[in-house]
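Each remark here refers to the structure printed beneath this line.
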Amino acid sequence: MTDTLTPTAQNIMRAADLLRRGHLVAFGTETVYGLGADAQNAKAVAAIFEAKGRPHFNPLICHYENAEAVFAHVEASDPARQLASTFWPGPLTLVLPRRVTCPVALLAGAGLETLAVRVPAHPVAQKLIAALGRPIAAPSANRSGGVSPTSAAHVLAGLAGRIAAVIDSGPCRVGLESTVLDLSGAQPFLLRPGGVNIEALEAAIGPITRGITPGQAEASRTLRSPGMLLSHYAPALPLRLNATSVTPDEGLLAFGPRLSGAGVMFQLSETQNLNEAAAKLFEALHWLDAEGCKLGLRAIAAMAIPDHGLGLAINDRLARAAAPRN
Ligand code: TXA
Ligand code: MG
């Protein structure tokens, strides 16, 4: 059962409380409705992917109350500060390097070293973030592959029964998603045109590379930093999938009862809960990789994950991490 809440002060507190307890709440922004979760709660973030029926983990935008809160979690640069002071709050998302101390769940950024951040202009969105006191991770509030919602009715058409509540703040003013600009490389890349036009951005910070797809942008960044797979975190150690046995020189990525002979191990979910496993996946890969390299292990062996629900996204991610690299 999904509650539809009018945006009263009391309902915003109630929505913030639902988020604090790990539930999903959709809310209007000036661009489109977002499907929100507490960005620092990995399980809640995993639930976003489940509710959307996403077959893979796309990185999500984290919504902050103001620029100061943003720059406490990601590294500021001169162009980032410049754009923040001109366009925030508003329909602009910046992709910036995470600070090492950034408490946002790795899953929210799909394991990347960067994070997409924005300060929405809609007063209800702002009040909700302030009431939670933490950033809210939110993709557009539609089922995977569907059209972005610009009203509470659109949200309910796709997600009724899958989320705790939607705050109905009326139709979205911009009606188009935010512009996504990647400032994490040597040159600014336009990853997605949106609510702020590129000429306005260029007037503030100079030339922006455009007319390329995100894939090309990532490929070009990968070329600039050889050996680093920026599009998706790949561990340094080789990853072996569907392991039914494990050797002493392998770290085990366990899902359910551990394999006999396992030494170094990270348990994704003792009870084989896919939501719990999704929430821990990137943390597990980082940890096994670091631990394995320290101990001189040869590989990471991953136990099989069922191919349904969030298992699809987990397996998509594991297959990418295991893909041959050079
Ligand atoms: O207006 C909007 O941006 C809306 C409202 C709710 O804020 N949100 C939205 O989120 O459109 P979503 O998840 O539908 O789109 C996020 C886009 C995706 O294209 C994603 O690939 C990109 O931002 N993105 C997120 N994090 C990224 C990162 N670290 N690096 C590169 N691209 C990233
Ligand atoms: Mg979307």
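Taking the criterion of being open to solvent by 50 Å² or more (accessible area, probe 1.4 Å) and either assigned to a helix (DSSP H, G or I) or more than 20 Å from Ser144 (Cα to Cα) (or both), the only residue of segment 307-318 that qualifies is Leu312. Going through (1) under 19 Å from Pro188 (Cα atoms); (2) open to solvent by less than 30 Å² (accessible area, probe 1.4 Å); (3) more than 11 Å from the chain's Cα centre (by Cα) one by one, Lys52 falls short only on (1). Search segment 1-41 for residues being more than 16 Å from ligand 1 (Cβ to nearest atom) and of a type in the set (A, V, I, L, M, F, W, C), and hand back the single one that is surrounded by the most Cβ atoms within 10 Å (Cβ to Cβ). Restricting to residues being more than 16 Å from ligand 1 (Cβ to nearest atom) and of a type in the set (A, V, I, L, M, F, W, C), the top hit is Ile12. For Pro97, the conditions (1) free of Cβ contacts under 8 Å to residues at least 12 places away in the same chain; (2) within 25 Å of Phe189 (Cβ to Cβ) are fulfilled apart from (1). Taken over segment 167-188, residues that are more than 9 Å from ligand 1 (Cβ to nearest atom), in contact (Cβ under 8 Å) with a residue 24 or more places away in the chain and more than 22 Å from Val124 (Cβ to Cβ) amount to 5.
Taking segment 260-313, which residues are farther than 21 Å from Ala51 by Cβ and among the hydroxyl-bearing types (Ser, Thr, Tyr)? Selection gives Ser260 alone. When Ala47, Ala37 are checked against the criterion of being under 20 Å from Ala313 (Cα atoms) and part of a strand (DSSP E or B), a single residue qualifies: Ala37. Just one of (1) within 17 Å of the chain's Cα centre (by Cα); (2) more than 16 Å from ligand 2 (Cβ to nearest atom) fails for Ser140. It is (2).
The values are calculated or read from the model by the stated rules, or taken from the named source; none is laboratory data. All figures in this text were calculated on a predicted structure; none of them were measured in a lab. A quick note on method: Cβ atoms are made from the backbone with ideal geometry, for glycine too, and the neighbour counts reach across all protein chains shown. What goes into the accessible areas is simple: the full protein's heavy atoms, side chains included, and nothing from ligands, DNA or RNA. Shrake-Rupley method; radii C 1.70, N 1.55, O 1.52, S 1.80 Å.
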